[in-house]
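The structure appears right after this line, and notes come after that.
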Amino acid sequence: MFHLRTCAAKLRPLTASQTVRTFSQNRPAAARTFGQVRGYTAPVAAEPFLSGTSSNYVEEMYYAWLENPKSVHKSWDIFFRNTNAGAPPGTAYQSPLPLSPGSLSAVARVQPLVEAQPNVDKLVEDHLAVQSLIRAYQIRGHHVAQLDPLGILDADLDSSVPADIISSTDKLGFYGLDESDLDKVFHLPTTTFIGGQESALPLREIIRRLEMAYCQHIGVEFMFINDLEQCQWIRQKFETPGIMQFTNEEKRTLLARLVRSTRFEDFLQRKWSSEKRFGLEGCEVLIPALKTIIDKSSENGVDYVIMGMPHRGRLNVLANVIRKELEQIFCQFDSKLEAADEGSGDVKYHLGMYHRRINRVTDRNITLSLVANPSHLEAADPVVMGKTKAEQFYCGDTEGKKVMSILLHGDAAFAGQGIVYETFHLSDLPSYTTHGTVHVVVNNQIGFTTDPRMARSSPYPTDVARVVNAPIFHVNADDPEAVMYVCKVAAEWRSTFHKDVVVDLVCYRRNGHNEMDEPMFTQPLMYKQIRKQKPVLQKYAELLVSQGVVNQPEYEEEISKYDKICEEAFTRSKDEKILHIKHWLDSPWPGFFTLDGQPRSMTCPPTGLTEDILTHIGNVASSVPVENFTIHGGLSRILKTRGELVKNRTVDWALAEYMAFGSLLKEGIHIRLSGQDVERGTFSHRHHVLHDQNVDKKTCIPMNHLWPNQAPYTVCNSSLSEYGVLGFELGFAMASPNALVLWEAQFGDFHNTAQCIIDQFICPGQAKWVRQNGIVLLLPHGMEGMGPEHSSARPERFLQMCNDDPDVLPNLEEANFDINQLYDCNWIVVNCSTPGNFFHVLRRQILLPFRKPLIIFTPKSLLRHPEARTSFDEMLSGTHFQRVIPEDGLAAQNPANVRRLLFCTGKVYYDLTRERKARGMAEQVAITRIEQLSPFPFDLLLQEVRKYPNAELAWCQEEHKNQGYYDYVKPRLRTTISRAKPVWYAGRDPAAAPATGNKKTHLTELQRLLDTAFDLDAFKNFS
């Protein structure tokens, strides 16, 4: 019956004149291509039988006619045929002829109207054509949208109009239609909302409304999304007639925000015309855009917004979005301002900020954090994502309803930087998703000096977002109301679907790359037009004055009011004599430091544990703590071996890590281990996630079954990305000092694709931004004969960037010398040779009263080396990390007889001890392991040198001479002994590649370095 009712409803008279009358009442502004819809004058016949009381009868007749047209009276047959064929309403019905002599011949002469109508096939074809036309606008309407404020460049770099977009009436032929069809009424498909409350429209009106929705100042890309609900949601937001309406109050708020954005830049230009500030001129609408996104998100329940952005417009965002005190910004321009905090600081347009305030629109508390960033465009993207994920994690926001991120981009960087793609690919992964990011692209339509036609192969700079089904809203930045509407929709999209969304603000850059740059050298035509371009504030103010929303005196008063605020702040800024970078901190850690930002102590407690705790963790690590769980047979053997180690009070590398993690979880420290294949471990040693062999996706993480009230343990295989994932984990570690966040490279040399994060954030982060971070990098390293790749974690790079002076011997008598060294360094670099020391250094990372990045060169072959074991005795309460492991064999018992003291680090120690034993030189050669390379253990190494007064000193490494540790260790060892002796080298010769690809060559090189190390006459000729 539903079908029949629907059909009967369609049969009810819908007159063309009624249709036109309805639409003309709610018509928006005229479209670009087509004029007003002409009125219809078709006669309207009464159809009294189509009343509510007879609808059931009509339905029954229609049903019968569908079964057999001859089963109903001839008049009904004609009526239904006419209606189905598209007869205009009111003419489908024909009165039956009177029964009189000769009437039969008259009936025979009756010709149904359908013969004068298109046949059914034509009707169907035309309706399908209209559906195709609607779909064409939804898919490609953005290509002809008026997006460029300058009117000189197509935002998609293509001036042609798609063939299926009706830019003139002759294009109707593409669909098998012509101009005569423009006034025909077509039923609308369910995949469009242009009809509003109407289900049918004339073709002319259909096209006009599509143009209004998709071809004006907003271009919508969304039809690549493979979710119908999401597509329908977007259609409804942009197609519904009259949906983009603003109240006068909203327009006045928008004007006031544009005033602040514009006048802030004008003020800086007047006061510091020769200073670089990377102003926002040409995209002043960014400030109200961001504030709209924040307002709408706050309205939807968000109370913490984390932002990342490049330098353009940063000062304006700090002032008018984050609400940084203006005097703190203005004083940055003073060349006489002194630096107060430790470190080198950074330029004003790189600094971050953290601020909690009331959102005036929603009257709710909102916390805003702008993450500090380097000049490397887009490098901060994954950092913001990681910090957002951490803040969501710590407040239990599993759906992203409380904490969200906004990322700002430049058009050239968004299209050109691969980290954008890496970050997008983290957006929907379970352990990395932040449940939707709002991306705002400040599309200047130019790079530094590079034309976009030379800067990207894709139509838009935003096309990378299509890979994750993120809708893209292009908008002309000189239409502030269109921008505000798009930003509202973007915030609502994120709140509704918790997916990424992109707002592309198509604008221009009024000045050069910076205020000192001359853009006319390379873009003369563009900048001639820009010189003529009326600022968006002036345009919008004139519009509102013409609409009577504001008057000219009110507008001028708004300007003078903000100018006065700036002038007063400028006066106060002259009183600022010292720059406190900590006032620009983007991630404060309340309660961790003193009020002055200093550590609460300068000591570190012992890192050992009680035997009960070690045993308990070991037992869980060697078992399956859930019932009805079938593990792989090979894994059963691994767990059994672990159990035997625990019984023997011994740990290997995997168990040592397990015990460090498990003990910290007991103390309430969240642990997050991330990287490629870390759940099992590249070398199949970790197995922190067990997989049921019979049930798909059924897993068990024993580490989360250790204690009743433990902190959660997160271990997650990452995507095959280093740059993005390391940046993400760095951001996660920024959020709280009470978490151990580790990133493990699949092989140590893989970190080189994340070098930007290491060079720009991890190494200098505290010096530039007074921002401590305790992230741990686990970098598998070692010459195993496996070729030039996967051998070296490039320790020389990390050591070269250490900030200690190789030529200055520190005060070794200073109290807590080792802790002070750690506090002063920019990061800690270790290469542990025992599982026990690995255990201690992981625990020390959290027990320290401050946070420093920790770089650990982890082993490969030592993971299963029978000698790489540690007794519980070296991990019990009172024990600690050993910066240096001295010789403890025969040589240490008779130090005066020792002829050579070898210093080394890491795996090569086991090669040296094996060779020493084979040569019977245990009394002549002492071997000391430097476990902590930086900060350099001057004090302990001085003790070692003094212990062996007759020994010559040599550094031994398996890496090539121009790589590894030699260039770092040698000058510091020389400083330690006041250059009293030479420090010889035993190792591979210099080379371009980290290792040979030939196994035999590898073994030959290894034997050569061992021969040098134990040939007591090897260095005689060099004396």
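The values are calculated or read from the model by the stated rules, or taken from the named source; none is laboratory data. What you see is a predicted model, and the numbers here were worked out from it, not measured in a lab. Glycine also receives a Cβ, built like all others from the backbone with ideal geometry; neighbour counts cover every protein chain displayed. Only protein heavy atoms, including side chains, enter the accessible area calculation; ligands, DNA and RNA are left aside. Shrake-Rupley method; radii C 1.70, N 1.55, O 1.52, S 1.80 Å.
Distance from the C-alpha centroid of segment 957-1017 to that of segment 550-621: 45 Å, rounded to the whole angstrom. One decimal place: the segment Leu228-Glu325 gains 30.3 nm when fully extended, by the rule 0.36 nm per residue minus the C-alpha distance. Here the simple spin-label model places points 7 Å from the Cα toward Cβ, and for Asp428 and Ser199 these points are separated by 3.4 nm. Here segment 795-849 has 45 percent of its accessible surface on carbon and sulfur atoms, given a 1.4 Å probe and all protein chains in place.
Considering segment 120-239, its Cα convex hull presents a mean projected area of 7.9 nm². Over all Cα atoms in the chain, the spread is summed up by Rg and Dmax: 37.2, 144 Å. Heavy-atom accessible area for Glu60, with the other protein chains in place and a 1.4 Å probe, reaches approximately 120 Å². Gain on full extension, evaluated as 0.36 nm per residue between Glu568 and Lys401 minus their Cα-Cα distance, stands at 56.2 nm.
Per-residue SASA remark: Lys574, around 120 Å² accessible (1.4 Å probe; ligands, DNA and RNA not included). Per-residue Karplus couplings for segment 311-317, computed as 6.51 cos²θ - 1.76 cosθ + 1.60 with θ equal to phi - 60°, are listed in order as 6, 5, x, 5, 5, 5, 5 Hz, Gly and Pro entered as x. Phi angles across segment 191-205 convert, under the Karplus curve 6.51 cos²θ - 1.76 cosθ + 1.60 with θ = phi - 60°, into 3J(HN,Hα) values of 8, 9, 10, 5, x, x, 8, 9, 9, 9, 9, x, 4, 4, 6 Hz, Gly and Pro given as x. Lys970 sits among other residues whose Cβ lies under 15 Å from its own Cβ, and their net charge, with Lys and Arg +1 and Asp and Glu -1, is -2. What FRET efficiency comes out for the pair Lys561/Thr247, r = Cβ-Cβ distance, R0 = 30 Å, nearest 0.05? Here the calculated transfer efficiency is 0.85. Close amide H contacts of Val440 (hydrogens built in the peptide plane, cut-off under 5 Å, sequence separation of 5 or more or a different chain): Leu407, Leu408, His409, Val503. Ranked by the mean number of other Cβ atoms within 10 Å of their residues, highest first, the peptides 730-738, 174-182, 795-803, 224-232 come out as 730-738, 795-803, 174-182, 224-232. When Lys387, Lys488, Lys271 are compared by accessible surface with a 1.4 Å probe, the order from highest to lowest is Lys271, Lys488, Lys387. Expressed as a whole percent, the accessible surface of segment 248-583 that belongs to carbon and sulfur atoms is 49, based on a 1.4 Å probe.
Reducing segment 665-690 and segment 272-288 to their Cα centroids gives an inter-centroid distance of 46 Å.
Taking label points 7 Å from Cα along the Cα-to-Cβ direction, Ser132 and Asn619 give a separation of 7.4 nm. At full extension, Lys336 and Ile638 could sit 102.2 nm farther apart than now, given 0.36 nm per residue minus the alpha carbon distance. Identify, among Gly219, Ala155, Gly173, the residue whose Cα sits farthest towards the positive end of the charge dipole of segment 120-239, taking +1 on the Cβ of Lys and Arg and -1 on the Cβ of Asp and Glu, with the dipole about the Cα centre. Positive-end residue among those listed: Gly219. In this structure, Asn300 and Asn365 have a Cβ-Cβ separation that, at R0 = 22 Å, corresponds to a calculated FRET efficiency of about 0.90.
Any idea of the accessible area per residue across the chain, 1.4 Å probe, to the nearest Å²?
41 Å²
Annotation: amide H of Met307 within the under-5 Å range of Ser369, Leu370, Val371, Ile406, sequence separation 5 or more or interchain, hydrogens built in the peptide plane. I want the local charge near Asn359. Using Cβ-Cβ distances under 12 Å, sum +1 for each Lys or Arg and -1 for each Asp or Glu among the other residues. Charge balance in the 12 Å sphere: +3. Placing a label point 7 Å from the Cα of Leu876 along the Cα-to-Cβ line, the residues of segment 619-636 whose backbone N sits under 20 Å from it are 619.
Considering only DSSP beta bridges with both partners in the chain, what is the antiparallel share in %, to the nearest 5? So the antiparallel bridges in the chain amount to around 25 percent. About its Cα centre, the dipole of segment 886-1014 is roughly 220 debye, where the only charges are +1 on Lys and Arg Cβ and -1 on Asp and Glu Cβ. Shown in residue order for segment 985-1000 are the 3J(HN,Hα) couplings computed by the Karplus curve 6.51 cos²θ - 1.76 cosθ + 1.60 at θ = phi - 60°: 10, 10, x, 6, 6, x, 7, 7, 8, x, 7, 7, x, 9, 4, 5 Hz (x for Gly and Pro). Figure note: Ser458, Ser261 ranked by solvent-accessible area, largest first, 1.4 Å probe, ligands and nucleic acids not counted: Ser458, Ser261. Since only Phe424, Met454, Gln328 are under comparison, the one whose Cα sits farthest along the positive direction of the charge dipole of segment 248-583, derived from C-beta charges on Lys, Arg, Asp and Glu, is Met454. Taking a Cβ cut-off of under 11 Å around Lys577, the surrounding Lys, Arg, Asp and Glu residues balance to a net charge of -2, with basic ones at +1 and acidic ones at -1. Modelled this way, with points 7 Å down the Cα-to-C-beta line, the labels at Met454 and Asp154 are 2.1 nm from one another. Close amide H partners of Trp827, meaning residues 5 or more places away or on another chain with modelled amide H under 5 Å apart, are Asn803. Computed from the Cβ-Cβ distance with R0 of 56 Å, the FRET efficiency linking Ser375 to Val120 stands at 0.25. Note on segment 895-956: with neighbouring protein chains present and a 1.4 Å probe, carbon and sulfur make up 44 percent of its accessible heavy-atom surface.
In whole angstrom, note down how far apart the Cα centers of segment 728-804 and segment 295-316 are. That distance is 29 Å.
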